[in-house]
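Only the coordinates and a few stated rules stand behind these numbers; no lab work does. Not measured: the values here are computed from a predicted model. Note: ideal-geometry Cβ built from the backbone for every residue, glycine included; neighbour counts use all protein chains shown.
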Amino acid sequence: MRKYMWLTTLLLIGVLALSACAAPTAPSAPAAAPVSEAPAAEAPTAEGAYAGVDPSGQTVVWWHQHSGSREERLKTLIEEFNTTNEFGITIDAQNQGGYDQIRDKVNSSIAAGELPAALLVGYQNDQSFYQLNDTLVDLNLLMNDPTWGLSAEEIADFYPAFLEQSVNPLFNNQRLGFPPNRSMEVLYYNQTWLEELGFSGPPTTPEEFKEMACAAAAANGDGTGGYILRDDASAVASWTFAFGGDVLTEDGTGYVYNSPATIEAMTFLKGMYDEGCAYFFTEGFPNPQFAARKAIFTQGSTSGIPFYAGDVAKVAEEQSREPDVWGVTAIPHTTPDPVQNIYGGDVMITKTTPEQELAAWIFVKWFTSPQIQARWAEMSGYFPTRASASEFFSEKLLQNTPWQQGVALLPYSAYEPQLISYTAVRDAATKAFNEIMQGADIQTTLDNLTAFANEQEAMMMAEAQ
C-alpha cells in the first residue's frame, strides 16, 4: 500500500516499542528543566534556505485547539521553552476553539489579505486549502536544512507514516505540516467476558471477530452484546485498510471508495448486522454500553481510553465486583500485519518572515523531541510520534496497559485522505454506510459515493483556484 512502509528498520522500531510496553520498569520521564531566563544567543553561520537568518527575540503566535486541563498542562511546557531556549524566542499560545473554528479563522484571514498566526494546528485536508493561496512553508526546507534541520537518525526516529502523512501530492510533495502527536482507530474488547465465553483473547481476523461478537450477542439475547457499529468516515477507512485496500487512488489525488476491499468490508459488516451480531447505538459515546456489557467490542479513537477506564470502574463499583479486564487491539484484518488508521492535527508554519518561520521551527523541533514527546503524551493522552519517546515514558504511562497496547501498533500506520474536499466527503461516507446497513446495494452505493467524492474534489479545487 502507498501509505505504509514495511522495512526492516520499521520492524525493529516495532520490537523496541513492544519491549518498552513489556518492561516491568523503565526510566521515568526526566524532571522539567529549571525555569530560568536564558540570554538570547547569536544565530550560527548557516547554509541553506535560512542562511544568515537570526531568530533571536521573535514572538510566535500559535493558534491551537487544546482546552481545559490539557491546555493548562501545555502552558507549563510553553513556559519552559520560553524561559530556556537560547534564542529568547517567545511562543504566544492561543486557544481558538476547535479545528473548525481555527479553519474558519485562517480562511477569513486569507480572504481579507491578512496573515494568520505564524504557527497553526489543523488537519491535512486543511493544508491543501491553505496552500492554494501559498500560505504555508514547505517544511522540507527546514527539516532538511544543514544547520537547523533534523539529522538522518532523528528523521528515522519518527514513525514513517506520520511524516509521510504531511507530504501533499497535490502540491509537488511539499511537506505542509509536522506531526506533534497522533491518535489511532482501535477495537476495544472485554477480555474478562471473552474468557467467560471460552475465548483466550481478542480477535485477529474478521472471522474470529464475528464468531466472538455473535457469541456475546447470543449470551445477552436482547439484541445487544456483540459489536457496536461505527458509521463515520474514519471507520469506513479503517475497515478498508484492514481488508487490504485504500480509499484513495494510488497517486493520492482522488477517491476510490468502490474498491474490492471496501466492498468486502461493508459486505462483512452488513452480514454481522443482519445476523444480530452487531447493532447501532446512537445515544452518545459507546463506552457506557461497553462497560455495562452491552457490547463485547466497540471501535473508536485511543483518545477515549481514559473514558473507557472510568466507565468500567464505575460499573464495577456499582455492582460491587472487580472491574472487567479490557484492552485495545488492531481492527481485525485480512492482511498479514495490522493496518491501523492514525489521525491527528499537524502544526503548520505560515509564510511570514524568515525570522518568524525559523523561530517557529525551533519550537516545533523542541516540542517533538523525544523527552518532550514523552511528557506531552502523559499530559495529553495522545501518542508520541517518535519511537524513542518510549525510553522516557513515566511509570504512569508504562502501567497503562490499553495505552501501551496502542503504542505497540504505531508502526503499522496508515492515514486518511489529505484532499481539500474530505470534510464534505466524510459526511457522504457516513450516509453511504448507513444506507448499506439499511439494505442499499453495496456496489451501487459505493460507486455513487466514489463519483460524488471525486466530483466534490474537482469542484472545490476549481472554485478555490
Flagged as over-length at 24 Å C-alpha distance, from Lys294/Lys396; Lys210/Lys314; Lys270/Lys294, the pairs are Lys294/Lys396; Lys210/Lys314
Counting all Cα-Cα pairs in segment 100-195, those more than 21 Å apart amount in percent to 46
Compute from the Cα atoms of segment 226-317 the Rg and the Dmax, the latter being the longest Cα-Cα distance, and quote both in angstrom. 15.5, 52
For a label point 7 angstrom out from the Cα of Val325 toward its Cβ, which stretches of segment 380-401 have the backbone nitrogen within less than 14 Å? 401
Share of Cα-Cα pairs in segment 184-256 beyond 20 Å, in percent? 42
Could I have the simple spin-label model distance between Ser369 and Thr444, label points 7 Å from Cα toward Cβ, reported in nm to one decimal? 6.0
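Could you give the length gained by full extension between Leu115 and Glu275, i.e. 0.36 nm per residue of separation minus their alpha carbon distance, to one decimal place?
52.1 nm
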What are the semi-axes of the equivalent ellipsoid for segment 78-123, taken as the square roots of 5 times the Cα gyration tensor eigenvalues, largest first, in whole Å? 26, 13, 7
Dipole axis of the chain (+1 Lys, Arg; -1 Asp, Glu on Cβ), positive-most option in Ala93, Thr401, Ser238: Thr401
With a cut-off of 19 Å, note down the residues of segment 50-67 whose backbone N falls inside the zone around a label point 7 Å from the Cα of Thr147 toward its beta carbon. 50-59
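Which FRET efficiency value, to the nearest 0.05, do you get for Thr249 and Arg73 by plugging their Cβ-Cβ distance into 1/(1 + (r/R0)^6) with R0 = 45 Å?
After rounding to 0.05, the efficiency reads 0.65.
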Translational D in µm²/s for segment 97-151 (Stokes-Einstein at 4 °C, 1.567 mPa s, Kirkwood Rh from C-alpha pairs): 105
Simple spin-label model, 7 Å along Cα-to-Cβ: Asn434 to Asp222 in nm? 2.5
Using a/c under 1.5 as the rounded threshold, could you call segment 123-271 rounded, prolate or oblate? The axes a ≥ b ≥ c are square roots of the C-alpha gyration tensor eigenvalues, and prolate needs a/b larger than b/c, oblate otherwise. prolate
Going by a ≥ b ≥ c, the root eigenvalues of the Cα gyration tensor, does segment 328-397 fall in the rounded group (a/c under 1.5), the prolate group (a/b larger than b/c) or the oblate group? oblate
Stokes-Einstein translational diffusion, the chain - Kirkwood Rh over all Cα pairs, 0.890 mPa s, 25 °C, in µm²/s: 105
Once you sort the root eigenvalues of the Cα gyration tensor of segment 248-385 as a ≥ b ≥ c, which label holds: rounded (a/c under 1.5), prolate (a/b larger than b/c) or oblate (the other case)? oblate
Please check the chain for the longest run free of GluC sites (Glu not before Pro) that are loop-located per DSSP (anything but H, G, I, E, B) and have at most 16 other Cβ atoms within 10 Å. 284-465
Can you bin every Cα-Cα distance in segment 319-451 into 10 Å intervals starting at zero and give me the percent of pairs per bin, rounded to whole numbers? 9, 24, 29, 23, 13, 2, 0
Just for the chain, what percent of DSSP beta bridges are antiparallel, to the closest 5? 60
For Thr267 and Asp92 in one chain, what is 0.36 nm times their gap in residues minus the Cα-Cα distance, to one decimal in nm? 58.0 nm
